[in-house]
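The values are calculated or read from the model by the stated rules, or taken from the named source; none is laboratory data. Note that the structure is predicted; figures quoted are calculated from it, not measured. Counting neighbours? That spans all protein chains shown, and the Cβs are built from the backbone with ideal geometry, glycine included.
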Amino acid sequence: MEAVVKSASDLSKRRTALKKEQRRLAYSKFIHNKQAVTGFIILAFIVALALLGPIFISLDPYEIHPEDRLQGPSGNYLFGTDNLGRDLLARVIFGAQISLFIGLAVAFFAGILGTIIGLYASYYKFLDNVLMRICEGIMAIPAILLAIALMAALGPSTENIIIALSIVYTPYVARVVRSSALVIREETYIEAMKAIGAKSFRIIWGHIAPNVVSPLIIQITSVFANAILIEATLSFLGAGVPAPTPSWGNILYDGKMVIFNTPWMVVFPGICIVLAILALNMFGDGLRDILDPHSNSKK
């Protein structure tokens, strides 16, 4: 009995040591991947600005100063003012909160729904034929056109943008998860689990799902970036975040009529959009190099 207890204790210690070594190797790979580190630093800066900016910069994005409308960057207004005299720095910072929140929420809900659809479609052939045909039908429509159509039906609001973009990008996540899960489903240990009578739920979520995490994370970073861009597009077209709530898209909308006289109204939110999408894409590409051994072997 003591030998069994000692053996179990040794096995537990080995597993703990193995997990620590895996974490150390993953951290080492991340640190040495310039793309991932650069993307992470830029993204962390934008997130910190969105979260901490309102604390250290006591500015009201809704306060109107008609006498100061369309003023250029100065000591009083670092980013200038908009067509109503509102501080553009305050609106860009608060707009970052809205845009990043929408992108994160869409990535979360599309990731959850896409994972569920992809896993069950890969495991049950009769579901595969139904779910994948629906996903292919949604993916056949350009993302921006489908998003505009859904927003026209739902109406402009932050919640409706999240719902619409989650519908748009769920099929993309589902396809990635399904393709990875199909390979894992054919592995010998999955067949062994079926042979000993393991329940489908246990096989799907206990053995297949953990092995699709790497491609899922990479795809979610792409969805995050695309959601920010589509939200900005919808808000620019007047179908996204309703005024006066600031988002990078509707700040661009306010500046389009005076772009030649007051270019700062489109330059600053435009730079934020570019940096956020660039950071997410770099971070996602870096994660792909770290998590996907096949991508490394091709280089």
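Under the condition of being more than 23 Å from residue 219 (Cα to Cα) and of a type outside the set (S, T, N, Q), which residue from segment 145-171 is surrounded by the most Cβ atoms within 10 Å (Cβ to Cβ)?
In this case the residue turns out to be 151.
Looking at 252, 275, which is the one that is in a helix (DSSP H, G or I), free of Cβ contacts under 8 Å to residues at least 40 places away in the same chain and out of contact with any Lys or Arg (no Cβ under 7 Å at 6 or more places or on another chain)?
Numbers: 275 fails: free of Cβ contacts under 8 Å to residues at least 40 places away in the same chain.
Just one listed residue meets the conditions, 252.
Listed here are the residues, each with its yes/no results for (1) closer than 30 Å to residue 200 by Cα; (2) assigned to a helix (DSSP H, G or I); (3) at pLDDT 85 or above.
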| site | (1), (2), (3) |
| --- | --- |
| 47 | no, yes, yes |
| 78 | no, no, no |
| 92 | no, yes, yes |
| 107 | yes, yes, yes |
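Return yes when residue 121 is touching an Asp or Glu at 6+ places or on another chain (Cβ under 8 Å), closer than 25 Å to residue 168 by Cβ and part of a helix (DSSP H, G or I) and no when it is not. Let's see the steps before the verdict.
On the way: touching an Asp or Glu at 6+ places or on another chain (Cβ under 8 Å): yes; closer than 25 Å to residue 168 by Cβ: yes; part of a helix (DSSP H, G or I): yes.
The answer is yes for residue 121.
Does segment 252-266 contain any residue that is hydrophobic (A, V, I, L, M, F, W, C), buried (at least 24 other Cβ atoms within 10 Å of the Cβ), over 23 Å from the mean Cα position of the chain (by Cα) and at pLDDT below 90? Break it down into steps so the answer makes sense when it comes.
Step one: of segment 252-266, the residues hydrophobic (A, V, I, L, M, F, W, C) are 252, 257-260, 264-266.
Still in the list and also buried (at least 24 other Cβ atoms within 10 Å of the Cβ): 265.
Those left that are additionally over 23 Å from the mean Cα position of the chain (by Cα): 265.
Applying the additional criterion that residues be at pLDDT below 90 yields 265.
The answer is yes, given that some residue of segment 252-266 is hydrophobic (A, V, I, L, M, F, W, C), buried (at least 24 other Cβ atoms within 10 Å of the Cβ), over 23 Å from the mean Cα position of the chain (by Cα) and at pLDDT below 90.
Can you tell me how many residues in segment 60-74 are surrounded by 12 or more Cβ atoms within 10 Å (Cβ to Cβ) and outside any loop (DSSP other than H, G, I, E, B)?
Here the count works out to 1.
When you check residue 289 against the structure, is it at pLDDT below 90 and within 17 Å of residue 41 (Cα to Cα), yes or no?
In short, no.
Given the structure, is residue 141 loosely packed, with under 15 Cβ neighbours inside 10 Å, free of Cβ contacts under 8 Å to residues at least 24 places away in the same chain, within 27 Å of the chain's Cα centre (by Cα) and assigned to a loop (DSSP other than H, G, I, E, B)?
Values: loosely packed, with under 15 Cβ neighbours inside 10 Å: yes; free of Cβ contacts under 8 Å to residues at least 24 places away in the same chain: yes; within 27 Å of the chain's Cα centre (by Cα): yes; assigned to a loop (DSSP other than H, G, I, E, B): yes.
Criteria met by residue 141.
For segment 120-136, give me each residue that is more than 14 Å from residue 183 (Cα to Cα), surrounded by 11 or more Cβ atoms within 10 Å (Cβ to Cβ) and at pLDDT 90 or above.
Of everything in segment 120-136, those that are more than 14 Å from residue 183 (Cα to Cα), surrounded by 11 or more Cβ atoms within 10 Å (Cβ to Cβ) and at pLDDT 90 or above turn out to be 130, 131, 132, 134, 135, 136.
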